[in-house]
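Following: one structure in structure tokens, then a few remarks.
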Amino acid sequence: MGRKNRRNRQRRTEQRSPAEEERRKAREQAAWEGGYPEIIKENKLFEHYYQELKIVPDGEWDKFMDALREPLPATIRITGYKSHAKEILHCLKEKYFKELPDIEVDGQKIEAPQPLSWYPEELAWHTNLSRKIIRKSPELEKFHQFLVSETESGNISRQEAVSMIPPVLLNVQPHHKILDMCAAPGSKTAQIIEMLHADMNVPFPEGFVIANDVDNKRCYLLVHQAKRLNSPCIMVVNHDASSIPRLLIENNGSREVLYYDRILCDVPCSGDGTMRKNIDVWKKWTTLNSLQLHGLQIRIATRGVEQLAEGGRMVYSTCSLNPVEDEAVIVSLLDKSEGSLELADVASELPGLKWMPGITQWRVMTKEGQWFEKWEDVPTSRHTQIRPTMFPLKDEEKLKSMNLNRCMRILPHHQNTGGFFVAVLIKKAPMPWNKRQPKLQRRPPVSVCDASVAPEIVKAVADISAIADEPAVDAENGETKPCTNQSGSSKTDSVCCPPPSKKMKLFGFKEDPFVFLSEDDPIFEPIQKFYALDPSFPKKNLLTRTQEGKKRQLYMVSKELRNVLLHNSEKMKVINTGIKVLCRNNDGEQYGCAYRLAQEGIYSLYPFINARILTVSVEDIKVLLTQENPFLSKFSKETQKQANNLDMGSIVLKYEPDPQQPETLQCPIVLCGWRGKTSIRSFVFFLHRINLVQWIFI
């Protein structure tokens with residue numbers, strides 16, 4: 001087949017005239033240099049619209065437009081929950097950032113990167129380098145390779161500066177239950193996970209993140225992002241955010257509704273704040289995009305505040321500058337909340353960030369350029385396109401009490417960023433429509449054990465109960481009723497895939513079930529004995545992805561996520577959860593354990609391991625990382641002595657920094673390894689190995 005294709009290409013080349021061949025080469029050269037003809041960065045309707053709305057301060061319009069026409073500079077964020085973050089920051093400062101000011105690209109001297117003044121602990125940096133320059137310049141090849149390897153390993157995220165704002169404003173604590181409603185591609189989700197694991201001495205924080213996206217394919221991109229952080233506290237689900245199901249959890253023998261402490265509501269938007277990186281927006285922009293998205297944005301935000309706990313915080317954000325997608329949505333939420341919601345004043349939480357306060361007056365424009373001041377002016381023929389919630393409230397006193405000035409609009413020319421809008425909502429009381437008693441509870445109770453009740457009625461009641469979104473709720477105090485379905489069957493307790501009473505419509509790949517290990521599973525005892533696992537090890541949190549055959553891999557989730565999985569499998573489409581902690585290795589059976597440790601989950605598992613641990617020096621780490629299967633004689637005498645006391649099989653390699661030697665690596669490292677007959681090797685991903693080598697040899 002390959003020879004045939006080559007012959008066809010050769011025949012076509014021979015048939016071309018010299019002029020045609022020259023044009024072909026010119027097209028190829030143009031593709032290499034730029035890809036496509038340059039898009040004219042002009043849109044008269046866009047300029048007219050925003051000039052009329054006056055979202056840009058007087059005298060700054062030209063600077064605003066000039067900034068939009070410039071490429072977006074690169075910003076990087078160092079993942080903050082790992083103890084390695086300081087080493088990565090040290091590596092960047094001492095090696096790469098010091099070299100950059102000596103480099104020129106196309107005659108332009110590169111400025112030294114600067115930390116974002118408003119991002120905590122210097123973990124986010126801004127450069128004047130565009131992604132194109134970083135990728136294409138030979139002088140920056142090493143820097144680019146470093147960024148790629150660290151990004152793949154989860155140590156660095158290349159993320160737009162304004163995109164980092166919403167997770168910071170969530171003010172996440174390790175015990176918070178968090179919902180990310182429109183999570184893909186996952187950069188903000190990664191930030192939230194980092195905040196949950198702020199204390200790396202706690203392997204299982206009490207909080208967790210449920211990351212949702214409506215697009216099945218984008219969910220797998222989200223899984224890839226989350227997996228880089230190796231957290232047992234993340235679950236990826238696939239639902240329409242505007243109707244995401246209300247979940248249940250068990251608490252002291254009763255089922256109750258799961259309300260989230262924090263919700264990130266980064267809704268789909270027209271994206272005109274991304275013109276600097278998505279240049280297609282220049283020619284495609286129209287007000288129609290905002291008008292079509294407005295209703296969806298309100299529905300998603302409304303569903304969010306319904307599931308927010310009292311006292312909880314929801315961050316609403318868009319990468320659009322349009323008040324129809326921004327202030328209008330917030331006004332609609334506040335208006336129908338009847339005082340249950342309020343805008344938080346978060347100006348002091350981001351010192352150094354420049355932003356414009358939200359506006360209180362705006363008009364609505366059609367794609368043809370026709371303006372409307374108020375809903376009453378809209379002709380009937382336009383009522384399906386333009387809705388009342390798109391306009392400011394007529395009651396000026398009520399509008400003033402909403403404090404729209406607490407909304408934040410970030411303009412590109414103020415700090416060389418993209419455009420963005422963010423608002424922080426605090427829930428003070430249940431939403432008005434949630435205070436009413438559910439209709440289901442007004443029906444007389446029917447006992448399924450009552451022989452006098454017709455079987456078809458019993459079945460109907462059972463079906464209603466099975467598909468109900470929430471348990472019985474006391475209308476007066478909001479307390480849940482005791483759980484009535486406490487069968488205690490082993491299947492319900494361990495398998496998260498019972499056949500639902502009403503089949504869900506599934507799109508995309510069909511995921512394997514999540515099966516938790518039973519109390520008497522025979523595979524656990526050899527594992528516990530081999531690694532001397534602490535009695536406090538949460539055995540019940542181990543799961544597999546198969547119900548039949550050998551369990552090839554064991555995963556682990558936190559106790560709280562286990563609770564969610566077991567009680568919501570019939571209403572939730574779970575794409576992925578948990579981290580791999582153990583992998584089946586048949587060769588290990590002869591040494592006492594058929595499962596070896598997995599590097600992905602070692603930081604969660606290590607605190608419970610009391611055996612098969614080798615404490616190694618920095619020189620030993622160098623040997624492990626630079627040699628594929630080094631003999632024992634290559635290691636220090638102390639390491640050899642420890643290894644001689646261990647049988648063959650999976651081991652833990654632990655490096656502890658020496659504060660008395662500050663010039664050496666100052667972060668602890670835990671690696672999975674294998675004690676062979678005459679050698680020791682480490683099981684470390686190739687890119688992770690490169691990263692560690694760079695830290696050690698800087």
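Which of the residues that make up segment 534-552 are polar (S, T, N, Q) and surrounded by 16 or more Cβ atoms within 10 Å (Cβ to Cβ)? Let's see the steps before the verdict.
Residues of segment 534-552 polar (S, T, N, Q): 536, 541, 544, 546-547.
Correct list: ASN541, THR544.
Which of the residues spanning segment 53-104 are under 30 Å from MET390 (Cα atoms) and touching a strand residue (DSSP E or B) at 6+ places or on another chain (Cβ under 7 Å)?
Filtering segment 53-104 for residues under 30 Å from MET390 (Cα atoms) gives 53-69.
If the condition is that a residue be under 30 Å from MET390 (Cα atoms) and touching a strand residue (DSSP E or B) at 6+ places or on another chain (Cβ under 7 Å), then ILE55 is the only one that fits.
Within segment 650-664, is even one residue out of contact with any Lys or Arg (no Cβ under 8 Å at 6 or more places or on another chain), more than 28 Å from GLU152 (Cβ to Cβ), surrounded by 14 or more Cβ atoms within 10 Å (Cβ to Cβ) and modelled with pLDDT of 85 or more?
no
If I ask for residues that are open to solvent by 40 Å² or more (accessible area, probe 1.4 Å) and closer than 16 Å to LEU229 by Cβ, which ones from segment 592-605 would you list? Spell out how you get there, then give the answer.
From segment 592-605, those open to solvent by 40 Å² or more (accessible area, probe 1.4 Å) are 592, 596, 600, 603; that's our starting set.
Residues satisfying the conditions are GLU600, TYR603.
Got at least one residue in segment 611-619 being out of contact with any Ser or Thr (no Cβ under 9 Å at 6 or more places or on another chain) and part of a helix (DSSP H, G or I)? Give the steps one after another, and end with the answer.
Going through segment 611-619, the residues out of contact with any Ser or Thr (no Cβ under 9 Å at 6 or more places or on another chain) turn out to be 611, 613.
Next, only the ones that are part of a helix (DSSP H, G or I) stay: none.
Within segment 611-619, not a single residue is out of contact with any Ser or Thr (no Cβ under 9 Å at 6 or more places or on another chain) and part of a helix (DSSP H, G or I).
Kindly provide the set of residues from segment 623-644 that are under 26 Å from PHE685 (Cβ atoms), over 40 Å from the mean Cα position of the chain (by Cα) and open to solvent by 90 Å² or more (accessible area, probe 1.4 Å), ordered by number.
If the condition is that a residue be under 26 Å from PHE685 (Cβ atoms), over 40 Å from the mean Cα position of the chain (by Cα) and open to solvent by 90 Å² or more (accessible area, probe 1.4 Å), then PHE631, LYS634 are the ones that fit.
The rows are residues; the columns are (1) closer than 30 Å to PRO73 by Cβ; (2) in the same structural domain as PRO412 (by the TED database).
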residue	(1), (2)
LEU147	yes, no
GLY154	yes, no
PRO166	yes, yes
GLN173	no, yes
HIS224	yes, yes
ARG228	yes, yes
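Check LEU404 against each of (1) in contact with a Pro (Cβ under 8 Å, 6 or more places away or on another chain); (2) open to solvent by 80 Å² or more (accessible area, probe 1.4 Å) and name the one condition it does not meet.
Condition not satisfied by LEU404: (2).
Applying the selection to segment 49-70, what residues are in contact with a Pro (Cβ under 8 Å, 6 or more places away or on another chain), part of a helix (DSSP H, G or I) and under 15 Å from GLN361 (Cβ atoms)? Talk me through it step by step, then tell me what you get.
At the first step, the residues of segment 49-70 found to be in contact with a Pro (Cβ under 8 Å, 6 or more places away or on another chain) are 53, 55, 64, 67-68.
Cutting the leftovers down to part of a helix (DSSP H, G or I) gives us 53, 64, 67-68.
Matches in segment 49-70: LEU53 only.
Going through ASN212, ASN216 one at a time, which residue ends up being at pLDDT 90 or above, buried (at least 21 other Cβ atoms within 10 Å of the Cβ) and more than 24 Å from TRP118 (Cβ to Cβ)?
Working: ASN216 fails: buried (at least 21 other Cβ atoms within 10 Å of the Cβ).
Sole residue among the options that is at pLDDT 90 or above, buried (at least 21 other Cβ atoms within 10 Å of the Cβ) and more than 24 Å from TRP118 (Cβ to Cβ): ASN212.
When the residues of segment 224-240 are narrowed to those that are modelled with pLDDT under 95 and surrounded by fewer than 18 Cβ atoms within 10 Å (Cβ to Cβ), which ends up farthest from ASN155 (Cα to Cα)?
Residue satisfying both the conditions and the ranking: HIS224.
Could you please find all residues in segment 323-351 being open to solvent by less than 10 Å² (accessible area, probe 1.4 Å) and within 19 Å of TRP375 (Cα to Cα)?
Listed by number, the residues that qualify are PRO323, VAL324, GLU325, ASP326, GLU327, ALA328, VAL329, ILE330, VAL331, LEU333.
Scan segment 98-107 and tell me whether some residue there is crowded, with 18+ Cβ neighbours inside 10 Å and over 30 Å from SER558 (Cβ atoms). Reasoning before the result, please.
From segment 98-107, those crowded, with 18+ Cβ neighbours inside 10 Å are 100; that's our starting set.
The next check asks that each one be over 30 Å from SER558 (Cβ atoms); those that pass are 100.
Scanning segment 98-107 turns up at least one residue that is crowded, with 18+ Cβ neighbours inside 10 Å and over 30 Å from SER558 (Cβ atoms).
Take segment 188-218 and flag every residue that is of a type in the set (Val, Ile, Thr) and outside any strand (DSSP E or B). So that I can check it myself, show each step before the final result.
Step one: list which residues in segment 188-218 are of a type in the set (Val, Ile, Thr), which gives 189, 192-193, 202, 209-210, 214.
Those that are of a type in the set (Val, Ile, Thr) and outside any strand (DSSP E or B): THR189, ILE192, ILE193, VAL202, VAL214.
Can you tell me which of (1) touching a Lys or Arg at 6+ places or on another chain (Cβ under 7 Å); (2) open to solvent by 10 Å² or more (accessible area, probe 1.4 Å) is the one VAL670 doesn't meet?
Failing condition for VAL670: (2).
How many of the residues making up segment 564-582 are crowded, with 20+ Cβ neighbours inside 10 Å and within 18 Å of VAL652 (Cβ to Cβ)?
Of the residues in that region, 3 qualify.
Could you list, in sequence order, the residues of segment 147-159 that are open to solvent by less than 30 Å² (accessible area, probe 1.4 Å) and either in a strand (DSSP E or B) or among the acidic types (Asp, Glu) (or both)? Step through it out loud before you land on a result.
Going through segment 147-159, the residues open to solvent by less than 30 Å² (accessible area, probe 1.4 Å) turn out to be 147, 149-151, 153-157, 159.
Across segment 147-159, the qualifying residues are GLU150, ILE156, SER157.
Residue by residue through segment 390-401, note down the ones that are open to solvent by less than 10 Å² (accessible area, probe 1.4 Å) and under 18 Å from SER340 (Cβ atoms).
Correct list: LEU399 only.
Taking segment 162-187 on its own, how many of its residues are at pLDDT below 95 and either among the hydroxyl-bearing types (Ser, Thr, Tyr) or part of a helix (DSSP H, G or I) (or both)?
Qualifying residue count for the region: 1.
When you check LEU291 against the structure, is it open to solvent by less than 20 Å² (accessible area, probe 1.4 Å) and more than 20 Å from TYR50 (Cβ to Cβ), yes or no?
Working: open to solvent by less than 20 Å² (accessible area, probe 1.4 Å): yes; more than 20 Å from TYR50 (Cβ to Cβ): no.
Considered against the rule, which asks whether it is open to solvent by less than 20 Å² (accessible area, probe 1.4 Å) and more than 20 Å from TYR50 (Cβ to Cβ), LEU291 comes out as no.
The values are calculated or read from the model by the stated rules, or taken from the named source; none is laboratory data. Please read these numbers as outputs of a predicted model, since none were measured by experiment. A quick note on method: Cβ atoms are made from the backbone with ideal geometry, for glycine too, and the neighbour counts reach across all protein chains shown. Please note that ligands, DNA and RNA were not included when accessible areas were found on the heavy atoms of the full protein model with its side chains. Shrake-Rupley method; radii C 1.70, N 1.55, O 1.52, S 1.80 Å.
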